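Everything on this sheet refers to the single structure shown next.
All of the numbers you see were taken from the coordinates with simple rules; none came from a lab. What you see is a predicted model; the values in this text were computed from it and never measured. When we count neighbours, we look across all protein chains shown, and the Cβ atoms used for this are built from the backbone with ideal geometry, even at glycine.
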Amino acid sequence: VTEIEVRLPAAERAYPIRIEAGLLDRLGESIAPLAPSRIALITDRTVAALYLPRARASLGGDPLEIVVPAGEESKSAAQLHEVLDILLGANLDRDALVVALGGGVVGDLAGFAAAVALRGLRLAIVPTTLLAQVDSSVGGKTAINHPHGKNLIGAFHQPSIVLIDPTTLRTLPPRERASGLAEVVKTGLIRRRSLVERLESEIDRLLEPDGFAGATDILVDCCRIKAEVVRHDERESGLRRILNFGHTFGHALEAATDYRHWRHGEAVALGMRAALDLSVERAGLPPDEAARGRALIERIPTPPLDRPLDPDRLRAAVARDKKAAGGRIRAVVLESLGKARDEPVEIDRIVEGALSIVG
Ligand SMILES: NC(=O)c1ccc[n+]([C@@H]2O[C@H](COP(=O)([O-])OP(=O)(O)OC[C@H]3O[C@@H](n4cnc5c(N)ncnc54)[C@H](O)[C@@H]3O)[C@@H](O)[C@H]2O)c1
Ligand SMILES: [Zn+2]
């Protein structure tokens with residue numbers, strides 16, 4: 001078992017991330033030290049069908065179970081309200097523990113519910129998608145969506161523990177695997193050149209259903225790197241922004257297609273290609289390094305568009321981004337593979353970059 005300690009500036013809130021094959025069958029013993037008065041297990045229908053019986057058996061006792069529909073639509077105020085109705089209706093006290101079993105959607109929804117119910121219940125995250133195992137379960141961000149935009153209502157709420165069982169990735173659909181792998185590639189590009197090199201030889205295998213069976217250490221690396229970045233910058237004022245490499249372009253692509261065409265990581269994969277070009281132009285990334293990065297990213301499959309994107313919709317999407325101000329937006333650029341910084345960039349340059357990738 002690998003254990004990573006995530007230390008936050010307020011030391012009492014340090015929490016462990018445990019990564020081990022078969023951990024799903026040992027949830028109970030892992031959370032026993034937290035001595036919860038009651039467990040509220042929140043998951044989605046797809047994950048429930050695959051893993052709820054094992055989670056239930058391993059948690060023991062009589063957990064309250066809340067199963068929401070699978071998909072981004074569950075990150076809504078209406079769904080949050082339903083979850084809160086069940087949590088509050090069960091008369092939980094503040095020693096209860098919310099267990100989020102699923103991908104980033106369940107993590108964000110259950111995490112936000114835990115943040116606000118009784119002004120804060122403890123949270124254990126059991127991520128079951130690659131994206132959640134390498135990215136969304138680390139860092140303490142929770143959120144639901146609003147008609148004005150994604151993740152606009154939320155809170156920072158650090159989990160008490162994160163329990164990662166890499167064997168749950170076997171059942172993941174190929175596109176979800178690709179989406180998560182984009183964040184893995186991103187992690188290497190911004191902070192760990194050796195990970196980039198490793199991915200160059202292994203990425204095709206990692207796209208296979210059992211790809212992570214012998215590569216658990218990649219999950220460990222990604223969690224470590226994100227934990228280290230977050231630790232230096234819990235509230236995203238400086239260093240943490242590098243985690244957004246490829247995301248300024250990616251978010252624009254997602255928003256301009258109503259979040260329906262690409263999975264998040266697929267849009268990030270496309271966005272990273274544009275960000276590499278920008279890096280050559282603005283940060284002195286050597287063109288041969290950019291080409292290497294691009295070749296790696298292109299091995300992640302992304303569905304092509306069937307019609308051209310509307311530049312005005314793209315521009316509107318970038319301008320609406322939380323990080324945009326005065327015709328500019330901060331975008332992350334690489335100085336070399338493994339070294340990132342951020343930089344104010346004209347919104348029009350972002351639009352141009354996004355269009356250059358998808359036409
Ligand atoms: N909080 C953060 O820091 C953070 C970071 C990145 C992304 N996010 C959020 O995460 C969400 C995306 O997360 P996601 O990509 O995990 O999507 P998701 O949670 O919707 O999961 C994708 C699909 O895979 C299914 N699934 C989950 N685990 C499975 C398994 N082991 N086998 C088979 N199917 C499984 C789910 O039911 C769902 O249909 C977005 O809402 C995004 O905003 C949050
Ligand atoms: Zn992302």
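Worth a mention:
- Helix 347-358 vs. the chain, principal-axis angle (Cα, 0 to 90°, nearest 10): 90 degrees
- Value of relative contact order over the chain, rounded to a whole percent, pairs C-alpha under 8 Å and six or more apart: 15 percent
- When peptides 278-287, 92-101 are sorted by average Cβ neighbour count within 10 Å, with the highest value leading, the order is 92-101, 278-287.
- Each Cα pair under 8 Å and six or more residues apart adds its sequence gap; the mean of these over the residue count of region 102-147 is a relative contact order of 53 percent.
- Cross-link partners of residue 150 among lysines, defined as those whose alpha carbon lies under 19 angstrom from its own and excluding same-chain residues fewer than eight positions apart: 75, 141, 322, 323.
- Backbone N under 20 Å from the residue 193 label point (7 Å along Cα→Cβ), restricted to region 267-296: 276-296
- Exposure proxy ranking, count of Cβ atoms within 10 Å, fewest first, for 232, 251: 232, 251
- For the peptides 240-246, 196-202, 15-21, the ranking by mean Cβ contacts within 10 Å, running from highest to lowest, is 240-246, 15-21, 196-202.
- Residue list for region 193-214, given a label point 7 angstrom along the Cα-to-Cβ vector of residue 336 and an amide N cut-off under 13 Å: 193-194
- Size of charge dipole - the chain - debye, nearest 20, with Cβ of Lys, Arg +1 and Asp, Glu -1, no other charges: 560 debye
- Centroid-to-centroid separation of region 114-169 and region 206-229 [C-alpha atoms, Å]: 18 Å
- Counted residue by residue at 0.36 nm each, then reduced by the alpha carbon distance between them, the extension gain from residue 294 to residue 32 reaches 89.8 nm.
- Between helix 193-206 and the chain: long-axis angle, C-alpha atoms, 0 to 90°, nearest 10: 70 degrees
- Region 8-119, relative contact order [Cα under 8 Å, separation at least 6], %: 32 percent
- Against the chain, whose longest principal axis is taken from its Cα atoms, helix 45-59 shows a tilt of about 40°.
- Of the two radii for region 169-223, the radius of gyration is 0.93 times the Kirkwood radius, both from the alpha carbons; that is the Rg over Rh value.
- Packing rank of 342-355, 53-66, 113-126, 176-189, where each peptide gets the mean count of other beta carbons within 10 Å, highest leading: 176-189, 113-126, 342-355, 53-66
- Over all Cα atoms in the chain, the spread is summed up by Rg and Dmax: 19.7, 60 Å.
- The simple Förster model, with R0 at 41 Å and r as the Cβ-Cβ distance, assigns residue 213 and residue 322 a FRET efficiency of 0.60.
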